[in-house]
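For reference, the structure is listed below as structure tokens.
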Amino acid sequence: AQRVTQPEKLLSVFKGAPVELKCNYSYSGSPELFWYVQYSRQRLQLLLRHISRESIKGFTADLNKGETSFHLKKPFAQEEDSAMYYCALSPYTSGTASKLTFGTGTRLQVTL
Amino acid sequence: DTEVTQTPKHLVMGMTNKKSLKCEQHMGHRAMYWYKQKAKKPPELMFVYSYEKLSINESVPSRFSPECPNSSLLNLHLHALQPEDSALYLCASSQSGVYGYTFGSGTRLTVV
């Protein structure tokens, strides 16, 4: 079975402070890991995927297989980063479809 | 076109009604999904279609009936729903599991 854990329901930081949203996963095979973001009244959007090792809106995430973690980081928080962030996992597949499982989400609140 | 379009955006239905939710994408994705999201909870997978065939049914009650008439369309037929079925129903599509999903903005369903 696959499981994603996000220990913090709410993370409140000041503008300009570093941000780290924690994500741990449990899966016996090779996982594909993602971060999704949901801004107020907007659709769920893909933010990052571990396979591409990219930086989007200043956010990065590194897959640590030893610690089974995929924490999301940003060095300097901006007000517009305030949103709900979901970590998600799907089993690796060479096929088209996959089964994406979400963590419970962390609401990031950036204050002045 | 890089979007998943869902209609209607809002739906109120009685417990004896029959209604349908629609989802459309023109990105050439061959996998499509239905998720259910209750307030302040993560999305939960309901159904997965791959190449227009149902590949995963997450033990969803039969009052929810999915249909994939062609590679661009996905429907969810609703009949005899209960008030606890009230939720945001999300459609998504994917090119492959490693790329992540593209989500629609959802249909907010209220069962009265």
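Residue by residue, here is whether (1) in a loop (DSSP other than H, G, I, E, B); (2) open to solvent by 40 Å² or more (accessible area, probe 1.4 Å); (3) in contact (Cβ under 8 Å) with a residue 40 or more places away in the chain holds:
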{"residue": "B:Tyr33", "(1), (2), (3)": "no, no, yes"}
{"residue": "B:Ser62", "(1), (2), (3)": "yes, yes, no"}
{"residue": "B:Cys68", "(1), (2), (3)": "no, no, no"}
{"residue": "B:Leu81", "(1), (2), (3)": "yes, no, yes"}
{"residue": "B:Glu84", "(1), (2), (3)": "no, yes, no"}
{"residue": "B:Cys91", "(1), (2), (3)": "no, no, yes"}
Handout entry: Top-ranked residue in the range B:1-31 [being among the hydroxyl-bearing types (Ser, Thr, Tyr) and in a strand (DSSP E or B); ranked as nearest to the other protein chains (Cβ to nearest Cβ)]
Key = B:Thr5
Exercise for the section: For A:Phe102, state whether it is at pLDDT 90 or above and surrounded by fewer than 15 Cβ atoms within 10 Å (Cβ to Cβ). Expected result: no
Practice task
Taking A:Lys57 as the residue in question, decide whether it is out of contact with any Gly (no Cβ under 6 Å at 6 or more places or on another chain), more than 14 Å from chain B (Cβ to nearest Cβ), farther than 19 Å from B:Ala39 by Cβ and of a type in the set (Lys, Arg).
Solution key: yes
Practice task
Might you let me know whether the range A:21-37 holds any residue that is open to solvent by 10 Å² or more (accessible area, probe 1.4 Å), more than 25 Å from A:Lys99 (Cβ to Cβ) and not small (Gly, Ala, Ser)?
Solution key: no
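If you take the residues in the range B:35-49 that are away from every other protein chain (no Cβ under 11 Å) and surrounded by 16 or more Cβ atoms within 10 Å (Cβ to Cβ), which one is nearest to A:Gln6 (Cα to Cα)?
Within the range B:35-49, the subset away from every other protein chain (no Cβ under 11 Å) is B:36, B:38-39, B:46.
Next, only the ones that are surrounded by 16 or more Cβ atoms within 10 Å (Cβ to Cβ) stay: B:36, B:46.
Details: B:Lys36: 19, B:Met46: 22 Å.
Out of the qualifying residues, it is B:Lys36.
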Practice task
Give me a count of the residues in the range B:100-112 that are farther than 19 Å from B:Leu11 by Cα and within 7 Å of chain A (Cβ to nearest Cβ).
Solution key: 2
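Could we say that A:Phe76 is touching a Gly at 6+ places or on another chain (Cβ under 7 Å) and open to solvent by 40 Å² or more (accessible area, probe 1.4 Å) here?
Numbers: touching a Gly at 6+ places or on another chain (Cβ under 7 Å): yes; open to solvent by 40 Å² or more (accessible area, probe 1.4 Å): yes.
So A:Phe76 fits the description; yes.
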Fill in the blank from the handout: Scanning the range A:15-50 residue by residue, those in contact (Cβ under 8 Å) with a residue 60 or more places away in the chain and in contact with a Ser or Thr (Cβ under 6 Å, 6 or more places away or on another chain) turn out to be A:Leu21, A:Tyr25, A:Glu32
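Results for (1) within 12 Å of chain B (Cβ to nearest Cβ); (2) part of a loop (DSSP other than H, G, I, E, B), shown as yes or no for each residue.
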| position | (1), (2) |
| --- | --- |
| A:Tyr36 | yes, no |
| A:Arg43 | yes, yes |
| A:Leu48 | yes, no |
| A:Lys73 | no, no |
| A:Glu80 | no, no |
| A:Tyr85 | yes, no |
| A:Ser90 | yes, no |
| A:Gly95 | yes, yes |
| A:Arg107 | yes, no |
Fill in the blank from the handout: Going through the range B:75-102 in order, the residues found to be touching a Pro at 6+ places or on another chain (Cβ under 8 Å) and within 24 Å of A:His50 (Cβ to Cβ) are B:Leu90, B:Gly97
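The values are calculated or read from the model by the stated rules, or taken from the named source; none is laboratory data. Bear in mind that the values here come from a model prediction, so they are computed numbers and not experimental data. With ideal geometry, Cβ positions are generated from the backbone for all residues, glycine too; neighbour counts draw on all protein chains shown. For the accessible areas, the whole protein counts, side chains as well, though only heavy atoms, and no ligand, DNA or RNA atoms are used. Shrake-Rupley method; radii C 1.70, N 1.55, O 1.52, S 1.80 Å.
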